[in-house]
């Protein structure tokens, strides 16, 4: 298959690297210099101290000619891309953003087959063409459109799995995104404000108290039931990533823009007057850290 | 006059240094090694790059024989001292702690003449016998007992002022302590959590929002009116100390115990069910940072 990967951050490099094992991948970068480097040197993927290289075609021209497009840019860079996608002929488009702020914009793309997905991989961009695969996980995809469609372009991805890069399909996109959002809305801002690794949210009894209170506010906003099971889920991820710095903490350490708007900002917009003081406090504190 | 200063932290060293200009001061230290150093080398006070020395008698023995005792230890070290003071014959005792948690314990000392006070000086302990006087301010004192008593042992302190060390007497101890508590309960925990200098609470619009919301909760708990005037007061102090690190931020930088219990802890105990989410969040977060 021909696949276009849009966005060449850590996730874009990782997806382009792995998908190129079985498919013809074009990586769309923002800057032509990065595309040139990738065309000259390939994408290097580092994992447990061994290097692997894949030759991938890269360009900064927004041609988007492939029948499958995978969008890996951060949510706050989506707007321009969605305006492009609106004008394209029908194809399959996969959105891998954190948060749920972008979901409302997908209504303008219904002439495509739209999937939303979550990427559970740990990935760090080392430089323009090198990505460090720090943790293996699933790519979970769900069809955004209501209709059930058992056979589609992406079935091939399910049937011909790539080593160390498993892809699964889930039936309910909203449930899937909400579960991810709970994780991102609790672990990310708390670790970013407190400047601790994920695991400390469970080992420090005071942080754990804040973590749980914040979790309660988030599921209140999302209107989710099965609180105990969801708390176990969040704690499980916190435990399995205990030695990691969250992406938001890394963004703050590197003085980059965070994804706070698409995570807590989205929740605040959907709170409908519910009492969510910790969400508000953390949103404002992280915005304050960002503007420093 | 013979004055005993109890506690040889930054404030104790500063008060012993200045008061020794006109009075016979004994400084009560926790450890005899510190007393030995002070007896051998005097107290050195550094101000704007010039050094000044005062010879002060120091001891770790809890003799407390002076007719005026000034207590400068942190609130969380008061308990043992108050148990000593209970047994002493009647004299004048001045408490210079932050917060208001200790006020309830003063009821056991009513055979003494008890003053509470606030120290507006900036002082940094450089080592066992050197203190840096970083900012001049008033010492404000108020009689804790209800009776009006215009003439007392401390009148001499008012009448014979010491250069760079002004002392004033105020009529209402509770109003005085509450106004100081508002400052300590807002500027201290926020700057400690966000790890910023005082001034940034006003220059960063997001931090200022949190600052004001926290201020509103604090005056709600304290049942204070005249909100606008109090906000001006807090902002004025934030501005005049804009380049300073708050004492709580310094405590956290040096991995010392903070005064969070006597500041926000006291407010939580007196909240009577009022909604104070930011106070709770900050209390728990600072406790979590402390135990790391």
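The values are calculated or read from the model by the stated rules, or taken from the named source; none is laboratory data. Keep in mind it's a predicted model, so treat the numbers as computed, not measured. Counting neighbours? That spans all protein chains shown, and the Cβs are built from the backbone with ideal geometry, glycine included.
Summary of computed values
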| quantity | calculated |
| --- | --- |
| Residues (in contact with a strand residue (DSSP E or B) (Cβ under 6 Å, 6 or more places away or on another chain) and part of a loop (DSSP other than H, G, I, E, B)) located in region B:23-54 | B:23, B:29, B:42 |
| Condition check for residue A:94: outside the structural domain of residue A:261 (by TED's automatic domain parsing) and in contact with a helix residue (DSSP H, G or I) (Cβ under 9 Å, 6 or more places away or on another chain) | no |
| Residue match in region A:62-76 (condition: part of a helix (DSSP H, G or I) and farther than 24 Å from residue A:138 by Cβ) | yes |
| Residue check for residue B:209: within 14 Å of chain A (Cβ to nearest Cβ), closer than 30 Å to residue B:276 by Cα and either at pLDDT below 95 or surrounded by fewer than 22 Cβ atoms within 10 Å (Cβ to Cβ) (or both) | yes |
| Verdict on residue B:108 being on the phi < 0 side of the Ramachandran plot and in a loop (DSSP other than H, G, I, E, B) | no |
| Condition met for residue B:86 (outside the structural domain of residue B:242 (by TED's automatic domain parsing) and either touching a strand residue (DSSP E or B) at 6+ places or on another chain (Cβ under 6 Å) or exposed (fewer than 13 other Cβ atoms within 10 Å of the Cβ) (or both)) | yes |
| Meets criteria (touching a residue at least 40 places away in the same chain (Cβ under 8 Å) and in a helix (DSSP H, G or I)) for residue B:248 | yes |
| Some residue of region B:256-263 being within 13 Å of chain A (Cβ to nearest Cβ), within 21 Å of residue B:201 (Cβ to Cβ) and not in a helix (DSSP H, G or I) | yes |
| Failed criterion for residue A:256 (all others in (1) loosely packed, with under 14 Cβ neighbours inside 10 Å; (2) assigned by TED's automatic domain parsing to the domain that holds residue A:98; (3) closer than 21 Å to residue A:133 by Cβ hold) | (2) |
| Residue match in region B:132-142 (condition: surrounded by fewer than 17 Cβ atoms within 10 Å (Cβ to Cβ), part of a loop (DSSP other than H, G, I, E, B) and within 13 Å of chain A (Cβ to nearest Cβ)) | no |
| Residues satisfying the stated conditions in region B:269-292, i.e. in a helix (DSSP H, G or I) and more than 13 Å from chain A (Cβ to nearest Cβ) | B:269 |
| Residue check for residue B:240: free of Cβ contacts under 8 Å to residues at least 24 places away in the same chain and within 13 Å of another protein chain (Cβ to nearest Cβ) | no |
| Helices (runs of 4 or more DSSP H) wholly inside region B:145-236 that include at least 2 residues being in contact with a helix residue (DSSP H, G or I) (Cβ under 9 Å, 6 or more places away or on another chain) | B:173-194, B:200-203, B:205-222 |
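Here is a yes/no grid of residues against (1) under 26 Å from residue A:258 (Cα atoms); (2) outside the structural domain of residue A:96 (by TED's automatic domain parsing):
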site: A:117; (1), (2): yes, no
site: A:124; (1), (2): yes, no
site: A:133; (1), (2): yes, no
site: A:140; (1), (2): yes, no
site: A:157; (1), (2): no, no
site: A:182; (1), (2): yes, yes
site: A:190; (1), (2): yes, yes
